Structures are given as structure tokens and as C-alpha cells.
Amino acid sequence: MPEQIRLLAEQVSELATQVQQLTRRLDRISAHLGLSAAESPKRPSDYEPQDELAEASEEIISWAGKISLLPRVSTISFLLVLALVLRTLTDSALIDKHVGSFLGMGYAALLIFLGWYKYKKVSPLAPVFAVCGAALMATIVFETHTRFSSLPAMPAYAILMITGIVTAVIGYQFRVAVPVIVGTLGLAIAGAAIDYPNPFFPMLAALLLTANLLGTFATRIRRCSWLRWILLIITLYMLVLWASRLALAIGRGDEIPYYLAQGWFLPVIAVFMVTFVVTALLGIIAGGQERISKFDLSLPTINAVWTFTSARYVVSALGLSLVAHGVIGLAAAVGHLLVCLWLARKKTDRARGAGAFALAGSALLILSLPPVLGSFLLSLPFLAITALVLSLASDKWQRGGIRLTSYLLGVYASGSLAMFLLPEISGGQGLTGGLVAAVVGIIAFYHYRWCRHNAPPQDSLLFSKYDTKDIGASFLFLAALFAAFFALRTGIYQLIDPGTDGASNIFQGAQSVIINISVIGLIFVAYFRGSKEIRNITALVTIIAACKVFFYDLLYLHGIPLVLSIFSFGMAAATESIILGRWPRSSLAQSKKEGDAADEGPF
């Protein structure tokens with residue numbers, strides 16, 4: 001009890017001292033302003049700047065002392081001095097370079113051990129020892145191998161991997177991320193630099209795989225997605241370098257160097273693909289109800305596109321079956337879509353990454369269907385159907401990300417028609433091209449109509465915050481119009497004999513007539529349905545028609561085709577003008593405005 005009374009008395013005394021100091025400061029301020037002690041200053045700017053500077057300097061010094069900044073800086077300086085002394089003795093040949101290199105690595109290992117010991121003792125200097133040790137180890141290993149050639153590549157990779165794993169163990173034991181971050185970055189950067197641009201790629205791949213796994217572990221301790229982005233960029237660059245150099249060597253018929261390890265490439269790519277899928281899935285699941293990182297949402301698609309294209313490049317160079325490669329990609333696409341289905345069915349309040357795997361599966365379908373079917377054009381109806389199915393699934397499971405993916409896939413299926421049907425004289429201008437365009441257009445239009453009768457999930461962040469009026473579905477309508485144009489265009493092409501004079505002139509004029517007639521049809525549909533959405537899309541098509549007529553037809557067409565082109569555009573413009581002039585007085589439009597919300601659209 002006497003001890004407690006003594007402590008209480010000391011606290012009261014300290015508080016009284018602080019009150020006296022504040023009173024004196026207030027008196028000085030009042031005297032400076034000409035106020036009485038009872039009055040308060042009017043503006044913060046009236047305080048004496050000398051007092052403010054004194055307070056700021058005291059705060060800075062106090063802050064520096066609280067976070068042990070000065071002790072840490074001094075410790076780093078002393079640790080670097082010892083490392084530089086050892087480096088100087090080695091450069092001066094006072095110590096054998098082999099002995100000096102191993103002494104340097106031993107010194108770095110000792111610092112890592114001291115970092116572990118300091119963490120155990122809860123010392124503020126613990127991160128200094130761990131970080132310096134990991135950074136010095138990566139630097140010394142790289143220099144020992146590159147400059148002194150006293151450390152072979154395999155032991156160098158092994159030491160770097162062990163260093164990364166040890167720092168990860170320290171981070172796991174004490175729940176700190178700094179040692180893992182530094183150790184992982186040193187592991188990846190030093191490993192990529194060893195023997196660049198001719199490293200032994202299988203061992204480098206193992207090292208980079210380890211670095212990515214450790215980076216994933218680091219983000220579980222502290223959210224630092226930037227680390228995983230850096231590691232992913234390094235990994236993709238080095239493995240793309242491997243793929244390109246291997247394919248070039250095979251294509252030239254050169255003898256394959258040992259470091260390219262031809263037999264290891266495809267298995268390594270497969271391991272990376274599975275690893276990235278699993279880490280992304282675990283990141284999505286482990287997120288609980290927290291926001292999923294952008295890295296975990298982006299990784300499945302990046303991984304799918306990168307692995308498939310890299311493997312295809314090498315498979316093509318080796319002369320292996322592209323159909324078999326496409327079948328494997330198709331199986332991977334189905335696997336991603338099944339993961340999407342599994343995530344979508346989970347009973348959670350928010351979408352938990354199902355859209356990420358839907359997008360990755362769609363990307364794999366785009367890449368794998370053409371070699372399996374033997375035709376890029378024939379793959380487009382399957383993509384359009386998949387887009388429609390994804391929309392149905394998104395409505396059933398209330399997942400906005402899946403619905404967005406369906407929009408992207410549907411627009412891609414229609415937009416890709418231009419690759420084969422845009423040239424005037426092409427194999428794609430046959431009956432097959434026209435039928436494919438018609439099928440894709442019909443599916444896209446049905447997809448659009450379904451979306452207008454089934455609202456997007458209201459609890460989806462995408463549609464509740466960013467696309468509140470579901471403008472994305474409007475692009476499906478544009479995609480349907482685009483596909484319909486190519487279907488009609490191909491049909492017109494079949495009626496024209498390419499060998500006749502002026503075939504190109506007639507064909508170009510016919511296309512303009514198709515667009516202008518479409519404007520007339522669309523504006524009537526918009527008028528009778530009272531749809532602002534279709535009205536505004538009609539305005540967009542009108543702009544396209546005007547550009548075609550005035551910037552192409554007038555310059556390159558002649559004769560009857562040019563006359564029909566300009567006349568049909570004039571009719572379209574006149575019809576649109578008349579209907580738009582009657583639009584506000586249309587009772588049908590007014591009734592539709594409230595009674596047909598689905599057709600009102602986002603505009």
C-alpha cells in the first residue's frame with residue numbers, strides 16, 4: 001500500500017508540472033496577443049512559431065527514439081563495416097578468395113541466426129540482423145559464383161533456396177513478414193541473375209517456384225501483394241526466355257545446349273500451372289469474408305494464358321500434335337470452370353472469386369478450341385453458347401463476376417468474326433462463314449434479351465457500384481448486330497461474281513446499304529418499343545454509317561453503288577429525324593417508360 005501511495009503521488013506531481021507548463025505557455029500566448037489569461041486565442045496561426053518548432057523537433061526526436069531508429073541505423077552501419085572489411089581483405093589478396101567467400105557466407109548465416117535469436121528475445125534490433133543477413137547472403141552468393149567462379153551454379157541455387165526457407169521459418173515462428181520478404185526477393189533476384197542469360201533453367205525454375213511459394217506465405221502474414229507481383233514478373237520473364245530460346249534452337253536445327261534441358265520444359269510448365277492454380281484458390285478460400293487480393297483474382301487468367309501459349313510455342317517447334325495440346329488445354333478449361341462452379345455454389349454472403357476462374361476457363365477455351373476443332377471460325381459458336389451458359393449460371397448462383405465474364409466472352413465471339421470475314425475474297429466468305437455469323441448473332445441476341453429480362457445480382461460489388469444500369473449487356477446487342485452484318489455481308493458476297501468488272505465496287509456499296517437499312521429498322525424498333533437503349537444504339541450505328549458513306553464511299557466508289565449508298569443513308573437519316581422528332585409525344589413510349597423497365601435499358 002505505501003508503494004502505491006508513493007506512485008500515485010509521483011503521478012500527481014508530474015501532472016501538476018505539466019499543468020504549470022501549459023499555464024505558462026498560455027500566459028505567453030495571451031501576452032503576445034494582448035489578451036487576458038481567461039481569454040482564448042482566436043486562430044491557431046497566432047501561436048508563436050518558436051514554440052511550434054520546438055515542439056516539432058521534440059516530437060521527431062521522441063519518434064526516432066520510440067522506434068529505435070538510431071540504434072538500428074548504427075547497427076546496420078557496423079554490420080556493413082564488418083562485411084566491407086572482409087571484402088577489402090579478399091580483394092587485397094590478404095585472404096584467399098575462396099576462403100573469403102566462404103567466410104562471407106558464414107558471416108551472413110551468423111547474422112540470420114542472430115536475427116532469430118533477437119526475435120526470440122523480442123529485441124527491436126532483430127529485423128536488422130535478419131534482413132542484413134539475408135541480403136548479404138544473396139549478394140555474396142551471386143558475386144562468389146559470377147566474379148570469383150569459386151561456387152558452382154548448383155550449390156549457389158541450393159544456398160539461396162535454403163536462405164529463403166530459413167527466413168520463412170523465422171517469419172512463421174515469430175509472425176513477422178520482413179525476413180520473408182527480403183529473403184524471397186534476394187532468392188528470386190540473385191537466382192535470376194546467376195549465369196544470365198544462360199542459366200540451368202530446370203534448377204532456376206525450382207528456385208523461382210520456391211520464391212513464389214514463399215511470397216504466398218509472406219502475404220499470409222502481411223498483405224503485400226506487390227511482392228507476389230514482382231516474383232511473378234521475374235518468373236514469367238525467365239520461363240518465357242526459356243521457351244523462346246528452346247523453340248529457336250529447335251527451329252534452327254541446332255544442338256540443344258544442356259542448360260536448355262529440352263525434356264524438362266513441358267513438365268516444369270505443368271508444375272507451375274498447377275501450383276499457381278492451387279495458390280490462387282487457397283488465397284481465395286483463406287480470405288474468408290475479407291476482400292480478395294487483386295493478385296489472387298488475376299493469377300488464374302494470367303497463368304492460363306501464359307502456360308498454354310508458352311507450351312504451344314515449344315510444342316509447335318518440336319513438331320508435336322497441336323490437337324493433343326489443344327485437348328489438354330480443353331481439359332484444363334473444363335477444370336477451371338468446375339472450380340468456378342464449386343466456388344459459386346459456396347454459401348457465402350459475397351462472391352468469392354468464382355468470376356476469376358470463369359475468366360481463366362473462358363481464356364483457355366478461346367485458346368484450345370481452334371486446334372481441337374481444326375478451325376478458329378467453328379469455335380466461335382461454342383464460345384457464344386458458353387457465354388450464354390455462364391449468364392444462366394450467374395443468375396442461378398447470383399455471381400456478378402461470372403456474368404461479366406459471359407459479356408466478355410459473348411462480345412469476343414462476335415468480334416472475332418472480323419478476322420475471317422472482313423476480307424472481300426477469302427475462304428471465310430463461303431457458306432460456312434455466313435452460317436457461323438448467323439448462329440453467333442442469334443445466340444448473342446438471345447443472350448442480350450435474356451439479360452434484359454433477368455437483372456444482375458444486386459449484392460454484386462460490380463453491378464451495385466460500378467455498372468448499376470447493366471450497360472455491359474448493351475454490348476451484347478451490338479455484338480449481335482455486328483454478327484448479323486457479317487452474315488448478310490457474306491450472303492451478298494455469294495451473289496456477286498468476283499470475276500466481273502466492278503465486283504468490289506458493288507460489294508462495298510451493298511455493305512453501306514445493309515448498314516443504312518439497319519438504321520431504319522432499328523429506329524422503328526426503338527420507337528414502337530419505347531426503348532431508349534435501342535434508340536441510342538441506333539444513333540451509334542448511324543455514326544458508323546455516316547463514316548462509311550462520307551469517308552470511304554465518296555472517295556472510292558462510283559456509279560450506281562455510290563448512288564444507292566448515299567440515297568439509302570439519306571433515307572435512314574430522314575426516317576431517324578422524323579421518329580426522333582415524334583419521340584417525346586409518343587404515348588407508347590411514355591407507357592413503355594414505366595411499364596417495360598427491362599427494355600428501357602441503362603440509358
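Numbers at a glance
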{"read-out": "Phi to ³J(HN,Hα) by Karplus 6.51 cos²θ - 1.76 cosθ + 1.60 over the range 477-491, Hz, x for Gly, Pro", "value": "5, 4, 5, 5, 5, 4, 5, 4, 4, 5, 5, 5, 4, 5, x"}
{"read-out": "Magnitude of the charge dipole, the range 286-406, Cβ model with Lys/Arg +1 and Asp/Glu -1, debye to 20", "value": "340"}
{"read-out": "Gained length - Val240 relative to Asn454, 0.36 nm times residue gap less alpha-carbon distance", "value": "72.7 nm"}
{"read-out": "FRET efficiency estimate (nearest 0.05) - Cβ-Cβ, Ile471 to Leu378, R0 35 angstrom", "value": "0.70"}
{"read-out": "Links that overshoot a 24 Å alpha carbon limit, given the list Lys294/Lys346; Lys346/Lys396; Lys118/Lys294; Lys97/Lys121; Lys294/Lys465", "value": "Lys118/Lys294; Lys97/Lys121"}
{"read-out": "Coil-residue trypsin sites (Lys or Arg not before Pro) of the range 98-162, DSSP, other Cβ within 10 Å capped at 15", "value": "Lys121"}
{"read-out": "Computed E for Trp226/Ile442 - FRET, C-beta separation, R0 30 angstrom, nearest 0.05", "value": "0.05"}
{"read-out": "Residue order for Thr163, Thr146 - accessible surface, 1.4 angstrom probe, largest first", "value": "Thr146, Thr163"}
{"read-out": "Difference of contour (0.36 nm per residue) and Cα-Cα distance, Val169 to Phe551", "value": "130.8 nm"}
{"read-out": "Projected label distance in nm at Val389 and Arg345, using a 7 Å step from Cα toward the beta-carbon", "value": "1.5"}
{"read-out": "Projected label distance in nm at Leu110 and Glu255, using a 7 Å step from Cα toward the beta-carbon", "value": "4.7"}
{"read-out": "Ser149 accessible area, assembled protein chains, probe 1.4 Å, Å²", "value": "90"}
{"read-out": "The range 244-297 versus the range 141-207: alpha-carbon centroid distance in Å", "value": "19"}
{"read-out": "Simple label model, 7 Å out from Cα along Cβ direction - Leu580 to Val563, nm", "value": "2.9"}
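The values are calculated or read from the model by the stated rules, or taken from the named source; none is laboratory data. As the structure is a prediction and not an experimental result, all values here were calculated from the model. Note that each Cβ is placed from the backbone with ideal geometry, even for glycine, and that neighbours are counted across all protein chains shown. For the accessible areas, the whole protein counts, side chains as well, though only heavy atoms, and no ligand, DNA or RNA atoms are used. Shrake-Rupley method; radii C 1.70, N 1.55, O 1.52, S 1.80 Å.
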